[in-house]
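The values are calculated or read from the model by the stated rules, or taken from the named source; none is laboratory data. As the structure is a prediction and not an experimental result, all values here were calculated from the model. Cβ: placed from backbone, ideal geometry, glycine included. Neighbour counts: every protein chain shown. Heavy atoms of the whole protein, side chains included, go into the accessibility calculation; ligands, DNA and RNA do not. Shrake-Rupley method; radii C 1.70, N 1.55, O 1.52, S 1.80 Å.
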Amino acid sequence: MEAGTGPLLSTLLGLLLLSTPGTRGANPALVARITDKGLEYAAKEGRLVLQRELQKITLPDFTGDFKVKSIGRGHYEFHSLEVKSCELRGSSLKPLPGQGLSLAISDSSIGVRGKWKARKSFL
């Protein structure tokens with residue numbers, strides 16, 4: 001499926017439903033059966049979209065304090081963080097009756113690039 005065909009198909013389906021006699025003024029419904037193969041396809045496509053979107057984001061800066069038993073307390077800062085690489089390998093999409101869908105992603109990794117600093121004062 002090409003990138004621009006999703007909105008086109010939705011529009012055509014909407015026009016088809018509106019042009020069907022008896023649907024105006026009534027509460028039209030659409031009943032569909034989703035197979036395991038369809039869920040696998042949706043999970044695969046959703047995973048690819050999520051992977052592309054994750055590579056576009058910049059993560060917020062954060063700071064904090066740490067304590068290491070042998071050397072004491074310190075302070076760290078992370079800033080200018082951006083996603084460098086993203087590999088989402090395994091995913092499963094399962095229906096939750098009455099709630100929607102549940103997406104689980106496993107065996108994945110995200111590489112982050114940014115600047116960081118850690119300080120420990122000895123005085």
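Residues that are open to solvent by 70 Å² or more (accessible area, probe 1.4 Å), modelled with pLDDT of 85 or more and of a type outside the set (F, W, Y): does the stretch 21-34 have at least one?
no
Give the residue, chosen from G114, G90, G74, G98, that is of a type outside the set (D, E) and assigned to a loop (DSSP other than H, G, I, E, B).
Among G114, G90, G74, G98, only G98 is of a type outside the set (D, E) and assigned to a loop (DSSP other than H, G, I, E, B).
For a quick check of your reading of the model, give me the residue pairs whose first member lies in the stretch 105-122 and is among the hydroxyl-bearing types (S, T, Y), whose second is loosely packed, with under 12 Cβ neighbours inside 10 Å, with beta-carbon atoms closer than 7 Å and at least 6 apart or on different chains.
Sorted first by the residue in the stretch 105-122, then by its partner, the pairs are S106/G90; S108/E87; S108/R89; S109/E87.
Of all residues in the stretch 38-84, which are within 30 Å of K120 (Cα to Cα) and hydroxyl-bearing (S, T, Y)?
Hits for the stretch 38-84 are T58, T63, S70, Y76, S80.
Among the residues of the stretch 80-102, which ones are farther than 16 Å from G46 by Cα and open to solvent by less than 60 Å² (accessible area, probe 1.4 Å)?
Once the filter is applied, which keeps residues that are farther than 16 Å from G46 by Cα and open to solvent by less than 60 Å² (accessible area, probe 1.4 Å), the stretch 80-102 yields L81, V83, S85.
Between I110, I105, I57, which is open to solvent by 80 Å² or more (accessible area, probe 1.4 Å) and modelled with pLDDT of 85 or more?
Of I110, I105, I57, the one residue that is open to solvent by 80 Å² or more (accessible area, probe 1.4 Å) and modelled with pLDDT of 85 or more is I110.
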